[in-house]
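One structure is given here, and the rest of the page talks about it.
No value in this document is a laboratory result; all are computed from the given coordinates. Since this is a predicted model, take the numbers as computed values, not measurements.
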Amino acid sequence: MSTLDIQVKGEGYKPSDGEEYMNDRQLAYFRKKLVEWKEDILRGSKETVNTMQKETENHPDLVDRASSESDRALELRTRDRQRKLISKIEEAISRVDDQSYGFCEETGEPIGLARLEARPTATLSIEAQERHERRERVHRDD
């Protein structure tokens, strides 16, 4: 157990703007949040696999079969998106570990606690993200 894990044991801690930005306690808080999120996604994936293995029955009714196939396809698309999200979560955990977490990759400025609470995998500040989206729109319109 690392020192980061130990410092967040007291439940109820929430990072606040009154503390030093991305201090050890905040890093531990976000690391814990990211690890729990990843574990939750992996648990859901295992449940999906188990459910799909159990539901291999052949539906004699075409409508039931189509509905079942549609549900499966939707679930697989959802799991694929979550697989990609796990990669982003792992990258964020790496940034916590090397203490670069919470700082904009483009400007080096703090991303902000509120943004990280809402989107723990964020790598850009709101301003940098808006610039990025504007550039995307311009290039997409071309």
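Structure data summary
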{"read-out": "Debye log10 I(q)/I(0) for region 81-142, one point scatterer per Cα, at q = 0.15, 0.27, 0.30 Å⁻¹", "value": "-0.51, -1.10, -1.18"}
{"read-out": "Set of lysines near Lys14 by C-alpha distance (under 17 Å), chain-local residues within fewer than 8 positions excluded", "value": "Lys32, Lys33"}
